Amino acid sequence: MMGAEHDLRTLLACMSAEMIDGTFVFTTMADADVPDGVTPRMMFREGEGTTLIVLKSEAEALGLNYEFPSRMITLNIHSALDAVGFIARIATELAAAGMGVNPVAGFYHDHLFIPEDRGADAMQILQKMSVAAKNL
């Protein structure tokens, strides 16, 4: 297995973005028991409750309250968990386009949750960023 990448230029130049099927939402519950019928993409325990990122269809089927309908974009490069500036650079570019982002770091990849109606815009921005980094 290759090691995780730290170099910002390499991370940007070599990333490929993949939009994952489905609309995802953020929901929270008081305890950590995941309801039957829900397969969370992410689960994080906070003092106030447990946050789950789930498919919107799953949340609606179970009558769960949720926020932020979003598209999930996976950045297909093994980014180091302590890489400096990668997500900050991406968030800055998306912010310049008037787009919020909720990034989530997995062990191998970073994942971006983008407003549902801005997925295509985000993919275009990410592609331009990668091309620009390759041309440095």
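The table for this structure:
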{"item": "Given (1) at pLDDT 95 or above; (2) closer than 22 Å to L136 by Cβ, number of the condition V25 does not satisfy", "result": "(2)"}
{"item": "Residue pairs meeting the criteria (Cβ under 8 Å; at least 6 apart or on separate chains; first more than 18 Å from G22 (Cα to Cα), in region 38-50; second surrounded by fewer than 10 Cβ atoms within 10 Å (Cβ to Cβ) and not acidic (D, E))", "result": "G49/A30; T50/A30"}
{"item": "Criterion (more than 16 Å from C14 (Cβ to Cβ), surrounded by 12 or more Cβ atoms within 10 Å (Cβ to Cβ), touching a helix residue (DSSP H, G or I) at 6+ places or on another chain (Cβ under 8 Å) and aliphatic (A, V, I, L, M)) met by exactly one of M99, M129, M123", "result": "M99"}
{"item": "Matching residues in region 51-60 - criterion: being small (G, A, S) and surrounded by 15 or more Cβ atoms within 10 Å (Cβ to Cβ)", "result": "A59"}
{"item": "Residue among R71, R41 that is basic (K, R) and touching a His at 6+ places or on another chain (Cβ under 8 Å)", "result": "R41"}
{"item": "Members of region 31-50 found to be surrounded by 10 or more Cβ atoms within 10 Å (Cβ to Cβ) and modelled with pLDDT of 90 or more, listed by number", "result": "P40, R41, M42, M43, F44, R45, G49, T50"}
{"item": "Test for T28: is it out of contact with any helix residue (DSSP H, G or I) (no Cβ under 7 Å at 6 or more places or on another chain), polar (S, T, N, Q) and in a strand (DSSP E or B)", "result": "yes"}
{"item": "Residue check for G119: at pLDDT 95 or above and either within 19 Å of M29 (Cβ to Cβ) or not in a helix (DSSP H, G or I) (or both)", "result": "no"}
{"item": "Enumeration of residues in region 1-19 that are assigned to a strand (DSSP E or B) and either touching a helix residue (DSSP H, G or I) at 6+ places or on another chain (Cβ under 8 Å) or touching a residue at least 60 places away in the same chain (Cβ under 8 Å) (or both)", "result": "E5, A17, M19"}
{"item": "Inter-residue pairs, beta-carbon under 9 Å, first within 12 Å of E5 (Cβ to Cβ) and touching a residue at least 60 places away in the same chain (Cβ under 8 Å) and in region 63-89, second among the hydroxyl-bearing types (S, T, Y) and not in a loop (DSSP other than H, G, I, E, B), 6+ apart", "result": "I77/T10; F86/S79"}
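The values are calculated or read from the model by the stated rules, or taken from the named source; none is laboratory data. Remember, it's a predicted structure, so these values are computed and weren't measured experimentally. Because the Cβ atoms are built from the backbone with ideal geometry, glycine has one as well, and the counts that use them run over all protein chains shown.
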